[in-house]
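Heads up: the structure comes next, in structure tokens.
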Amino acid sequence: EIYTLSLHDALPISSWAIGLLMIYYGLKLYRAPLESYTWTELLINYAAGFIRRGLVGRVAYYFSQFVSPVFFLTLTVILGYLIQLVLFFVQTRSVPDREWLLFALSPTGFLFTAYNFDAYGRKDVYLVVLFLLAYELIRRRVKLRIAFPLILVLYEIGALIHEYALFYFPFVLALLLVTESGRSRRSRALIAVVGIVFLIGNLVWLFGLSNQYFDLDRIASSWEGLIPNYELTAQSGAMGWLGIPLKDGLQPVFDKLTFPQTFFSYLTAAALSLVPMALLERRFGIARAVRARLQGEPPFGWLAGAFALSTAAISFFSSDWGRLIYLYGMNLFPIGAVTIERFGLTDRAAAEPDDGYSRLSFALLLILFTSTWMVKMYVDGGHIALQGGAIYRLMDWIERIQAG
């Protein structure tokens with residue numbers, strides 16, 4: 001009884017701890033030099049033209065006459081992480097405590113940005129909020145004629161923040177086709193067609209913007225008026241792979257493919273990140289439930305599967321594979337939780353004995369899974385993506401104290 005209570009209480013305690021950690025890193029970001037890639041990305045705005053990825057900076061530009069843009073953006077980043085945490089906590093109420101803790105405290109879950117400070121404050125913070133808001137509309141069974149247009153608006157905002165939003169848009173299309181399986185084929189076909197047109201149209205549009213504004217001087221000019229002394233260096237990564245030249249954007253990906261230790265360490269990290277989702281699948285049989293819902297309608301089953309698989313396209317163009325693993329997790333786990341709730345799935349492991357041995361086994365799994373490894377956000381050349389986690393860092397810290 002005591003252990004069960006403490007385990008259940010660990011969820012809100014963990015949420016508070018993660019929230020405080022995100023606030024701490026927000027204060028650290030506020031003090032970070034503006035030359036860092038995170039800040040040069042956040043500060044991009046439309047002052048020098050309609051530069052893609054400039055929406056967040058444009059909002060800061062509007063508020064700059066009232067408050068420092070650095071303070072404003074830091075505040076929005078912190079609020080973004082806290083909103084993520086609240087939405088995630090609400091959406092995953094149907095998830096058992098153990099799987100919740102394994103994911104939330106995973107090195108590729110909420111703690112990814114704690115392990116990789118260069119990932120904290122990236123525009124992913126806003127994108128994940130938009131993703132979770134879209135899933136919340138589906139979870140709450142908001143009328144489709146209201147929910148679907150709102151979802152398109154959310155992902156359009158996401159596309160103006162960072163094009164990564166478009167590559168995770170097929171996830172929400174797949175979820176809609178599955179959860180709305182009781183609707184007519186015409187309605188679901190319309191969702192698919194509109195979604196495909198929305199996706200392709202945005203990709204073409206953003207590629208056109210890249211051609212028109214592929215000039216790093218424009219990015220530097222966009223800081224004028226936002227930062228008084230804006231002698232910053234516009235980094236080529238701000239243009240991303242959707243810009244020109246394509247070869248330079250893809251070269252880091254080719255580097256990973258030509259170094260087995262780099263490539264397979266990323267694959268290992270991706271497999272490890274799926275452990276909480278695999279355990280969730282074992283307990284609720286999500287895949288079996290989805291197949292049962294789409295039985296007799298193979299076209300929609302194949303279409304939903306194609307949408308889900310198409311999200312992997314970003315892996316061929318992005319060199320931030322650790323970051324992509326994190327974003328996949330922040331989509332897949334909430335999708336699983338929403339599906340469980342929408343379908344009313346029962347916990348198939350609830351009848352299993354919960355004795356002292358199983359509790360000890362889980363405690364050891366949680367410690368080992370969450371604290372012994374991490375995955376680097378960006379690894380170039382022949383480096384290994386998997387690194388030692390919190391326990392190893394603690395040992396290094398103790399060693400430095402002894403050496404001092």
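List of remarks:
- Sequence-distant contacts, meaning Cα pairs under 8 Å at least 6 residues apart, place the relative contact order of the range 319-397 at 37 percent.
- On the beta carbon distance between E281 and L27, with R0 = 35 Å, the FRET formula returns roughly 0.35.
- Taking a point 7 Å from the Cα of A313 along the Cα-to-Cβ direction, the residues of the range 152-180 with backbone N closer than 11 Å to it are 166-170.
- Backbone N under 14 Å from the V59 label point (7 Å along Cα→Cβ), restricted to the range 327-363: none
- Most mobile listed residue (Y357, Y168, Y155) in the chain, GNM with C-alpha springs under 10 Å: Y357
- Extension gain, F66 to Y37: 0.36 nm times the residue separation minus the Cα-Cα distance gives 7.9 nm.
- Residue of F317, F343, F263 that the Gaussian network model of the chain assigns the largest fluctuation, springs spanning Cα pairs under 10 Å: F343
- GNM remark for the chain: springs join alpha carbons under 10 Å apart, and the peak mean-square fluctuation among G80, G382, G329 falls on G382.
- Distance (nanometres) between label positions extended 7 Å along Cα→Cβ at T372 and E224: 5.6
- Placing unit charges on each Cβ (+1 for Lys and Arg, -1 for Asp and Glu) gives the chain a dipole about its Cα centre, and among M277, I335, A363 the Cα reaching farthest toward its positive end belongs to I335.
- Efficiency of FRET from Cβ geometry, S184 and A403, R₀ 51 Å, rounded to 0.05: 0.15
- Packing here is the average count of other Cβ atoms within 10 Å per residue, and on that basis the peptides 302-308, 95-101, highest first, run 95-101, 302-308.
- Restricted to Cα atoms, the range 1-109 shows a radius of gyration and a Dmax of 18.0, 62 angstrom.
- Per-residue Karplus couplings for the range 105-113, computed as 6.51 cos²θ - 1.76 cosθ + 1.60 with θ equal to phi - 60°, are listed in order as 9, 5, x, 10, x, 5, 7, 4, 6 Hz, Gly and Pro entered as x.
- Residues of the range 286-307 with amide N under 19 Å of a point placed 7 Å along Cα→Cβ from R348: 286-295
- Solvent-free Debye calculation, one equal scatterer per alpha-carbon of the chain: log10 I(q)/I(0) at 0.06, 0.13 Å⁻¹ equals -0.25, -1.22.
- Sequence-distant residues sharing a close amide H with W373 (under 5 Å, placed H): G389, A390
- Pairs of Lys residues in the chain are counted when their Cα atoms are under 29 angstrom apart and they lie 8 or more places apart or on different chains; the count is 8.
Values quoted throughout were computed directly from the atomic coordinates according to the rules given, and no laboratory measurement underlies them. All figures in this text were calculated on a predicted structure; none of them were measured in a lab. As a convention, Cβ positions derive from the backbone with ideal geometry for all residues, glycine included, and neighbour counts pool all protein chains shown.
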